[in-house]
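This report concerns only the one structure given below.
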Amino acid sequence: MNSNKQIHLKRQAGEAAVRFVESGMVIGLGHGSTAIWALRLIAEKLRQGLLTDIVAVPCSENVAADARQESIPLTAFTDIPSIDLTIDGADEIEPHLNIIKGAGGALLREKIVAQASRREIIVADGSKMVEQLGTRCRLPVEIVPFGLASQVHYLEKLGADVLLRRTVNGELWRTDEGNFLADCRFGPLVEPQRLAAALQQRAGIAGHGLFLGLATDLIVADESGIHHLQANTLQETKL
């Protein structure tokens, strides 16, 4: 698929999700090249008066900057108990709507927002669909700087080929929370729930990119159209 076609599909998926945004909502703004299209359309609808009284929680500092540039009102997440609806992207999606996220580095904030959301809409182009998680992409794991080497050793014992993410200058890349990221190649995951449990029990691991049972909806655009799946039924409808 050429890049222009993929951008078009991402735009279709991101913008399609905005039909579920209503005036008066608290919305989560996801990170990435598909979710940005939802952000831009929400901003346009606010300018046109088609949406009103929206406040947003951004999933990263970059998204916060994009939202401010588009004049989308932001709210501090410390001030609200829950989010009505979040629109976010994904790196891999399997048929039951379990996903891998984190290629953009915002996985911890994205998961905090997802867990607080009544509705989590994942938007993607068709290239993100896989039969098993871990088929094509590495699993990002966010690591507290203290004890880094011991966490890398732990990940290797779990079977990972670990690649610490670095900046273009060769320094260890830091998340918005000041943590490091390890991109872990496990291969196709037969038991993602078991791996998630092993990662969650480790004190030095702040978060991981396995989002299991969090997505309520998927909107995916491919060459056959725009498809909407709901996690509770897995029934597909065309948008």
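Being at pLDDT 95 or above and within 11 Å of Phe211 (Cβ to Cβ) is true for just one of Asp91, Asp84. Which residue is that? Steps first, answer last, please.
Details: Asp84 fails: within 11 Å of Phe211 (Cβ to Cβ).
So the residue among Asp91, Asp84 that is at pLDDT 95 or above and within 11 Å of Phe211 (Cβ to Cβ) is Asp91.
Results for (1) over 19 Å from the mean Cα position of the chain (by Cα); (2) surrounded by fewer than 14 Cβ atoms within 10 Å (Cβ to Cβ), shown as yes or no for each residue.
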position: Ala43; (1), (2): yes, no
position: Pro81; (1), (2): yes, yes
position: Glu92; (1), (2): no, no
position: Leu108; (1), (2): no, no
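Pick from region 10-33 the residues that are part of a loop (DSSP other than H, G, I, E, B) and touching a Leu at 6+ places or on another chain (Cβ under 7 Å): which of them is nearest to Gly89 (Cα to Cα)? Steps first, please.
Going residue by residue through region 10-33, those that are part of a loop (DSSP other than H, G, I, E, B) are 21-25, 30-33.
Applying the additional criterion that residues be touching a Leu at 6+ places or on another chain (Cβ under 7 Å) yields 21, 23, 25.
Values: Val21: 16, Ser23: 22, Met25: 20 Å.
That would be Val21.
Given Ile36, Ile87, Ile7, Ile72, which one is assigned to a strand (DSSP E or B) and either in contact with a helix residue (DSSP H, G or I) (Cβ under 8 Å, 6 or more places away or on another chain) or surrounded by fewer than 20 Cβ atoms within 10 Å (Cβ to Cβ) (or both)?
On the way: Ile36 fails: assigned to a strand (DSSP E or B); Ile7 fails: assigned to a strand (DSSP E or B); Ile72 fails: assigned to a strand (DSSP E or B).
So the residue among Ile36, Ile87, Ile7, Ile72 that is assigned to a strand (DSSP E or B) and either in contact with a helix residue (DSSP H, G or I) (Cβ under 8 Å, 6 or more places away or on another chain) or surrounded by fewer than 20 Cβ atoms within 10 Å (Cβ to Cβ) (or both) is Ile87.
Considering Ala203, Ala114, Ala196, which residue is closer than 28 Å to Ile80 by Cα, out of contact with any helix residue (DSSP H, G or I) (no Cβ under 6 Å at 6 or more places or on another chain) and either acidic (Asp, Glu) or in a loop (DSSP other than H, G, I, E, B) (or both)? Quick ask: steps written out before the conclusion?
On the way: Ala114 fails: either acidic (Asp, Glu) or in a loop (DSSP other than H, G, I, E, B) (or both); Ala196 fails: either acidic (Asp, Glu) or in a loop (DSSP other than H, G, I, E, B) (or both).
After applying the criteria, what remains is Ala203.
Has region 49-68 got any residue that is under 19 Å from Ala231 (Cα atoms) and either surrounded by fewer than 15 Cβ atoms within 10 Å (Cβ to Cβ) or modelled with pLDDT under 95 (or both)?
Let us first name the residues in region 49-68 that are under 19 Å from Ala231 (Cα atoms), namely none.
Scanning region 49-68, I find no residue that is under 19 Å from Ala231 (Cα atoms) and either surrounded by fewer than 15 Cβ atoms within 10 Å (Cβ to Cβ) or modelled with pLDDT under 95 (or both), so the answer is no.
List every residue pair whose Cβ atoms lie under 7 Å apart, where the two residues are 6 or more positions apart in sequence or sit on different chains, the first residue falls within region 40-55 and is within 9 Å of Glu70 (Cβ to Cβ), and the second residue, located anywhere, is assigned to a helix (DSSP H, G or I) and of a type in the set (Val, Ile, Thr).
Correct list of pairs: Ile42/Val18.
The values are calculated or read from the model by the stated rules, or taken from the named source; none is laboratory data. Computed from a predicted model, the values in this text were never measured in an experiment. Note that we place each Cβ from the backbone using ideal geometry, even for glycine, and neighbour counts take in every protein chain shown.
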